[in-house]
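Quick notes on the structure that follows.
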Amino acid sequence: MVGDGALGWHPDPVLLAVLVVVLLAVLGFAVLRPKGLPEATAAVPAALLVIGLGAISWSEAGAEVRSLGPTVGFLAAVLLLGYLCEAEGVFAWAGAWCAKAGRGNPQRLLVLVFGLASITTAVLSLDATVVLLTPVVFTTAARQQLPARPHVYACTHLANSASLLLPVSNLTNLLALRASGLSFTAFAAAMALPWVIAIVVEYVVFRRFFRADLAGRSTPAAAEPVRTPTVALVVLALTLVGFLVVEPVWAAAGGAVVLGIWALVRRAASARQLVEALNLPFVAFVLGLGIVVTALQVNGLRDGIAAIVPGGTSFPTLLLIAAIAAVLSNLVNNIPATLVLLPSVVAGSGSVGVLAVLIGVNLGPNLTYVGSLATLLWRRLLRERDAEPAIGDFLKLGALTVPLGIVASVAGLWASWQLVGG
């Protein structure tokens, strides 16, 4: 394993190299998902392997699982809540409303999609935006006889960029909240300005990048009215209020239980579908990945990261932290990037440094497909609809939005921290 000497930790280079290969194998499997197998198929055996190699003890692995327990529990509850909203017709209703309000104008529809995707991401997490909202937006644009490209691209970009606002918006946020020491409301207050800035930057670039697709308008036929999902909307509103007054996991679980019972009574979903919506294999993937990353940290990676991550809370320092986080997220995905960076950043920059990491790991994945599992899933959904995005367009759009968005959002974070946190 590792030795403790006068100068600190001395990593075993062979063991460290093996652990890096294991991590890359887990991430590669999650990206490719051969034969549609869940991500946990590789992550759980990998976690057992690193324990077997002696890279981490059973007690250390158990401590990591217990530490991640509330986070992944909340993740499962939010995934279920998002599925129940879909079953109750929330997304179909929202799509119909956008179609009616858009009136065949692609620019107006883009504004509506931006608003809807931003709110969905903030309240129900980026997974809901990618998995549940993207198909609705794709269908809505097609029925309006409008180019779908700018609107479906908005879904994936805002699934990442608009996930800055609340701790519940992204798994990376949940991981960071635990390390930051901030309350739910303090987190939201500090990230509100960066969130708005990130969305505005995305919109300005989108209007320019997709100007040809957004020109002209169509005259679509009148759509059939869609039932307003009153119960689901009320439960969602109460759940959001609950985030402010109780632990988020309990608010999400309460909303999921209420909507789950309502769906079972109305036979809008079966008990089996509700269990599947919890996505327990993905929960197992996160836990397994956490064990592998922890093994890397205790075997030398933590010291290596600490050597390159600056300390302090000045604007240049926060910008450098965010840039490192963005680069790392595109190399090894944003979840392990978050896990790897947090200990060093907390020690050197405190809570505001943690929030800078989030700007990097949440906006950074818009640069490449591998930065976020949600982006990969978005690509898969479009491929299934014979509308796979062109890699060149994705990379060009990312190159325009990510650097500008990170700089502007970090500036917003630094400014807001002087008011609410500094």
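Computed from Cα atoms, the angle from the helix 230-245 axis to the main principal axis of the chain rounds to 30 degrees. Across region 131-281, Cα pairs under 8 Å and at least six residues apart give a relative contact order of 19 percent. Descending by average beta-carbon neighbour count within 10 Å, the peptides 162-169, 177-184 line up as 162-169, 177-184, the highest first.
Once the gyration tensor of the Cα atoms in region 252-381 is diagonalised, the equivalent ellipsoid follows with semi-axes of 35, 16, 15 Å, ordered largest first. Stretching residue 267 away from residue 60 to a fully extended chain increases their span by 70.1 nm, per 0.36 nm per residue minus the current alpha-carbon distance.
When you restrict to C-alpha pairs under 8 Å that are six or more residues apart and normalise by the size of region 275-422, the relative contact order lands at 24 percent.
Based on C-alpha pairs under 8 angstrom that are at least 6 apart in sequence, the chain has a relative contact order of 24 percent.
Per the Debye calculation on region 107-169 with a single equal scatterer at every Cα and no solvent contribution, log₁₀ I(q)/I(0) for q = 0.15 Å⁻¹ amounts to -0.37. Considering the chain, its Cα convex hull presents a mean projected area of 20.4 nm². With only Cα atoms counted, region 50-106 has Rg and Dmax values of 21.4, 62 Å. Phi-derived couplings, Karplus 6.51 cos²θ - 1.76 cosθ + 1.60 at θ = phi - 60°, listed residue by residue for region 57-63: 7, 4, 5, 5, 5, x, 5 Hz, with x used for Gly and Pro. How many percent of all Cα-Cα pairs in region 139-243 sit more than 19 Å apart? Summing the P(r) tail past 19 Å for region 139-243 gives 62 percent.
Viscosity 1.567 mPa s, temperature 4 °C: what is the translational diffusion coefficient of region 188-236 from Stokes-Einstein with a Kirkwood Rh over Cα pairs, rounded to a whole number of µm²/s?
Here the translational diffusion coefficient equals 86 µm²/s.
Relative to the longest principal axis of the chain, what angle (0 to 90°, nearest 10) does the C-alpha long axis of helix 248-266 take? Value to nearest ten degrees: 40.
Residue separation of residue 100 and residue 388 scaled by 0.36 nm, minus their Cα-Cα distance, works out to 101.0 nm of gained length.
Model label points for residue 20 and residue 396, set 7 angstrom from Cα along the Cα-to-Cβ axis, are 3.5 nm apart. Taking the convex hull of the alpha carbon positions in region 1-111 and averaging its projected area over all directions gives 12.3 nm². Full extension of the segment from residue 142 to residue 314, taken as 0.36 nm per residue of separation minus the current Cα-Cα distance, would add 57.2 nm. Report, in degrees rounded to the nearest 10, the 0 to 90 angle that the Cα long axis of helix 334-363 makes with the longest principal axis of the chain. On a 0 to 90 degree scale, this one is about 50. Spin-label model, residue 37 to residue 215: label points 7 Å out along the Cα-to-beta-carbon direction sit 4.9 nm apart.
With every protein chain kept in the model, how would you rank 39, 388, 224, 276 by accessible area, 1.4 Å probe, largest at the top?
224, 276, 388, 39
Rounded to whole numbers, the Karplus 3J(HN,Hα) couplings from phi for region 204-213 are 4, 5, 4, 4, 7, 5, 9, 4, 5, 5 Hz, using 6.51 cos²θ - 1.76 cosθ + 1.60 with θ = phi - 60°, and x at Gly and Pro. Ranking of 153, 203 by solvent-accessible surface, largest first: 203, 153 (1.4 Å probe, protein heavy atoms only, all chains present). In this simple spin-label approximation, residue 238 and residue 12 carry label points 7 Å from Cα along the Cα→Cβ vector, and these lie 5.5 nm apart. Ordered from highest to lowest accessible area with the whole protein assembly present and a 1.4 Å probe, 86, 202 read as 86, 202. Highest mean packing comes first when the peptides 50-58, 115-123 are listed by Cβ atoms within 10 Å, giving 115-123, 50-58.
The values are calculated or read from the model by the stated rules, or taken from the named source; none is laboratory data. Model, not experiment: these values are computed from the prediction. For neighbour counting, all protein chains shown are included, and Cβ atoms are generated from backbone atoms with ideal geometry for every residue, glycine included. For accessibility, only protein heavy atoms count, side chains too; no ligands or nucleic acids. Shrake-Rupley method; radii C 1.70, N 1.55, O 1.52, S 1.80 Å.
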